[in-house]
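The values are calculated or read from the model by the stated rules, or taken from the named source; none is laboratory data. Everything quoted here is computed from the prediction, not taken from an experiment. Note that each Cβ is placed from the backbone with ideal geometry, even for glycine, and that neighbours are counted across all protein chains shown.
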Amino acid sequence: MQRLKYEELYEGLEVVDTDFDLDGVVERCDDPHNVIVRHGDGINLYCFVEDCEEGYYDNSLIKKV
């Protein structure tokens, strides 16, 4: 399983959060610090910037197959 890169994201992409085993769909990905993924009735925020000053980096998404 290869982690997604920010450049591979697009709205509507079906993904899996491997940390929590959650299926989801990318809703917004216009900012690498604030990628929004809808998981069922909720949403999660992901940061794809490895050296994020806020410390929120989270690369737990893979493409759903």
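Restricting attention to the stretch 16-38, which residues are modelled with pLDDT of 95 or more, touching a His at 6+ places or on another chain (Cβ under 9 Å) and within 15 Å of Asn59 (Cβ to Cβ)?
Listed by number, the residues that qualify are Asp17, Gly24.
Yes or no: Asp41 exposed (fewer than 12 other Cβ atoms within 10 Å of the Cβ), modelled with pLDDT of 95 or more, of a type in the set (Asp, Glu) and farther than 19 Å from Val65 by Cβ?
When the stated conditions are applied, Asp41 does not pass them.
Determine whether Ile36 is touching a residue at least 60 places away in the same chain (Cβ under 8 Å) and surrounded by 14 or more Cβ atoms within 10 Å (Cβ to Cβ).
Answer is no for this residue.
Among the numbered criteria (1) hydrophobic (A, V, I, L, M, F, W, C); (2) modelled with pLDDT under 95; (3) assigned to a strand (DSSP E or B), which one does Val65 miss?
Tallying (1) hydrophobic (A, V, I, L, M, F, W, C); (2) modelled with pLDDT under 95; (3) assigned to a strand (DSSP E or B), Val65 fails exactly one: (3).
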